[in-house]
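Since the structure comes first, as structure tokens, the remarks are kept for the end.
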Amino acid sequence: MKAFAKYGAMALMLAAMTGCGDKGGAGKAADAGKAAGALTIGFSQIGSESGWRAAETKLAKLEAEKRGINLKVSDAQQQQANQIKAIRSFIAQGVDAILLAPVISSGWDEVLGEAKAANIPVVLLDRQIDTADPSLYLSAVTSDTVEEGRVAGRWLVSTLAGRDCRVVEIQGTIGASLVANRKKGFEEGISTAANVQIVRTQSGEFTRAKGKEVMEGFIKAEAPGTICAVYAHNDDMMIGAIQAMKEAGLKPGSDILAVSIDAVPDIFKAMADGDANATVELTPDMASRAYDLLAAYKKDGTQPPKWVQTPSTLYLPDTAAAEYERRKDLY
Ligand code: AHR
């Protein structure tokens with residue numbers, strides 16, 4: 001009962017956060033909930049490398065529970081082989097649909113072909129795949145991951161107002177669709193500013209521990225006082241980098257500007273404390289959008305858009321304390 005009440009409060013908060021609380025949206029969600037009620041859905045999740053990822057899993061379960069969906073979650077522990085195994089197991093169990101958050105973008109054609117042959121629709125969550133055959137999946141619910149990088153890059157350019165800036169970049173998991181995109185977008189965002197250049201880039205695998213390790217390496221490799229900003233492909237790596245900066249006697253947020261992606265509660269806390277400067281939101285509420293489109297598709301064959309795009313909003317320290325309060329129980 002206590003858990004139910006907490007979930008109820010979280011769902012209300014989520015509706016407020018995502019703007020899904022309007023009458024039309026709520027009505028549609030309720031209808032979809034009814035149609036989706038009997039569904040069994042397999043979710044091949046990447047793992048729990050970041051706070052964002054954990055929140056996505058939590059919300060997928062919460063939204064499934066609200067709609068009476070029987071959700072089977074498989075944690076791949078960052079291994080594509082485990083995801084392929086899980087998808088095959090879901091096919092063998094005869095699930096009604098599969099959600100896939102693909103750890104890397106390549107190598108999915110064979111197993112998704114098997115799902116297609118079994119007539120099981122697949123919806124991609126938060127990352128895209130490389131395939132010459134888009135019929136292998138029904139829809140993809142993701143942000144515009146190039147735009148996320150652009151938003152971060154543009155913010156940096158406007159904040160610097162012409163000041164020279166040597167940027168270090170901490171990338172996510174190499175091979176994931178969004179990593180190349182977040183890099184490309186950021187480069188586009190700073191392309192108008194000759195005063196801003198990326199001087200080092202390395203993968204921190206989307207984890208706090210690796211983000212810290214990579215930042216420690218950057219600080220050692222660069223002459224003291226020459227790093228002007230850090231761009232991290234997610235907030236968790238930035239939290240690790242902040243720790244590395246502090247341990248090196250630097251002041252993150254002022255000595256070195258800090259911009260990252262996700263908008264998890266801890267980055268809002270860091271912003272409120274003056275340790276970080278900006279984050280671009282990636283909503284963890286991916287699954288509810290997938291449930292809605294699957295319900296409609298299963299009900300009467302309604303074809304969803306191939307890409308359901310989630311927004312990429314920039315958050316700054318002025319709202320950080322309030323955002324932290326609003327989000328802290330969601331994660
Ligand atoms: O695919 C979404 C990314 O994966 C998030 O930005 C990151 O935190 C997560 O691990």
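The values are calculated or read from the model by the stated rules, or taken from the named source; none is laboratory data. Keep in mind the model is a prediction, meaning the values are calculated, not measured. Positions of Cβ are generated from backbone atoms using ideal geometry, with glycine treated the same way; all protein chains shown enter the neighbour counts. The accessibility values were calculated without ligands, DNA or RNA, using every heavy atom of the protein model including side chains. Shrake-Rupley method; radii C 1.70, N 1.55, O 1.52, S 1.80 Å.
Can you find, among 179, 277, 198, the residue sitting farthest towards the positive end of the charge dipole of segment 145-281, where Lys and Arg contribute +1 and Asp and Glu -1 at Cβ? The Cα lying farthest towards the positive end belongs to 198. Centroid-to-centroid, using Cα positions, segment 35-91 and segment 109-140 are 15 Å apart. Stretching residue 38 away from residue 220 to a fully extended chain increases their span by 59.9 nm, per 0.36 nm per residue minus the current alpha-carbon distance.
Each 5 Å bin from 0 upward holds the following percent of the Cα-Cα pairs of segment 224-324: 3, 13, 20, 17, 12, 9, 8, 7, 5, 3, 2, 1, 0.
When +1 charges are put on Lys and Arg Cβ atoms and -1 charges on Asp and Glu Cβ atoms, the dipole computed for the chain relative to its Cα centre reaches about 620 debye. A cut-off of 5 Å between modelled amide H atoms, ignoring neighbours fewer than 5 places along the same chain, links residue 256 with 251.
About its Cα centre, the dipole of segment 145-281 is roughly 260 debye, where the only charges are +1 on Lys and Arg Cβ and -1 on Asp and Glu Cβ.
Using just the Cα positions, wrap segment 217-274 in a convex hull and report its mean projected area in square nanometres, one decimal place.
On the way: hull surface 14.3 nm².
Quarter of the Cα hull surface area: 3.6 nm².
In the elastic network of the chain, a GNM with C-alpha springs shorter than 10 Å, the most mobile of 92, 115, 152 is 92. Averaging over all projection directions, the Cα-based convex hull of segment 83-235 occupies 10.3 nm² in the image plane. A Förster radius of 41 Å combined with the Cβ-Cβ distance from residue 325 to residue 184 puts the calculated FRET efficiency at roughly 0.75. Just want the answer: with Cβ charges of +1 for Lys and Arg and -1 for Asp and Glu, which residue in 315, 151, 223 is farthest toward the dipole's positive end in the chain? The residue sitting most towards the positive pole is 315.
Rounded to a whole number, what is D in µm²/s for the chain from Stokes-Einstein with the Kirkwood radius over alpha-carbon pairs (4 °C, 1.567 mPa s)? The Stokes-Einstein estimate is 63 µm²/s. Beta bridges per DSSP, both residues in the chain: antiparallel share near 5 percent.
Considering only 305, 102, 265, the mean-square fluctuation computed in a Gaussian network model of the chain, springs between alpha carbons under 10 angstrom, is largest for 305. Put 159, 310 in order of accessible area, highest first, and with a 1.4 Å probe you get 159, 310. The stretch between residue 61 and residue 166 holds 33.6 nm of extra length on full extension. This uses 0.36 nm per residue minus the Cα-Cα distance.
For the residue pairs 72/183; 212/269; 116/328; 72/328, the C-alpha atoms sit more than 29 angstrom apart in 72/183; 116/328. Taking only Cα atoms and a 10 Å spring cutoff, compute GNM fluctuations for the chain and point out the largest among 86, 176, 223. Ranking 86, 176, 223 by mean-square fluctuation puts 223 first. Computed on protein heavy atoms with a 1.4 Å probe, the accessible areas place 307, 52 in the order 307, 52, largest first.
Arrange the residues 141, 157 by how much accessible surface each exposes, largest first, with a 1.4 angstrom probe. Walk me through the numbers before you get to the answer.
Numbers: 141 0, 157 35 Å².
Reading off the accessible areas and sorting them downward yields 157, 141.
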